[in-house]
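> One structure follows; several queries about it will come next.
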Amino acid sequence: MDAPFVTAAAGRIRFRFCFCGETCLARRVLSVARMAGIPEGMIRPQVSIMMRRMILAVLMALSFSATVTASQADSTAVKADSVSAVKSGEYPLQRVMDAIIQVESKGNPKAHNRNGDCAGILQITPVLVKEANQILRAKKSKKRYTLADRYSAPKSKEMFRMIQAKYNPGNDEEKAMRIWNGGPTYSVRATNGYVRKVKAKLK
């Protein structure tokens with residue numbers, strides 16, 4: 001008659017205490033001993049069944065303890081990975097976007113430049129709003145931005161991310177600055193001054 005099994009080796013191998021005779025018990029003792037790294041020669045054949053049961057019980061306890069320790073280590077690793085995932089989950093161009101906001105409007109969502117009809121924290125133009133809507137249309141999204149959305153900080157940031165995702169999929173920081181200043185077909189020479197200003201604001 002089998003007794004309840006004890007799980008070892010992180011649940012991958014299961015052993016059952018068995019009282020069906022010396023041969024079966026000896027085989028199980030040797031099996032657990034191998035897992036524990038104990039040479040077979042150390043488990044003497046002439047040891048009584050009762051003694052082997054005691055040895056088996058001790059080995060199983062050690063194996064179970066090792067499993068618990070491994071599980072705890074895995075749990076700690078998972079928590080560490082979770083924290084790392086949160087950090088890595090941040091928008092790759094977040095600090096660049098924040099720096100551009102400071103250069104463009106100093107964080108003022110009501111900022112408006114009549115010369116180029118630029119508005120909001122990122123000084124978005126009507127042309128850029130149109131481009132963002134074209135991206136949405138290509139994705140078959142029913143969502144659309146309006147010129148008034150430029151005065152919304154969250155929506156302005158959404159449009160920034162969309163433009164960068166399309167024209168700067170590699171999330172290159174300097175390229176992000178140049179695109180925002182000179183468009184997708186920017187001139188390196190013409191955007192050098194803007195890049196210096198943004199880099200000066202990087203945190």
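The values are calculated or read from the model by the stated rules, or taken from the named source; none is laboratory data. No experiment lies behind these values; they were computed from the predicted model shown. Neighbour counts run over all protein chains shown; Cβ positions are idealised from the backbone, glycine included.
> Only residues that are touching a Lys or Arg at 6+ places or on another chain (Cβ under 8 Å) and part of a loop (DSSP other than H, G, I, E, B): list them for the stretch 147-183, please.
N168
> So is Q134 modelled with pLDDT of 95 or more, among the polar types (S, T, N, Q) and within 30 Å of the chain's Cα centre (by Cα) or not?
Taking the combined requirement at face value, the residue does not satisfy it.
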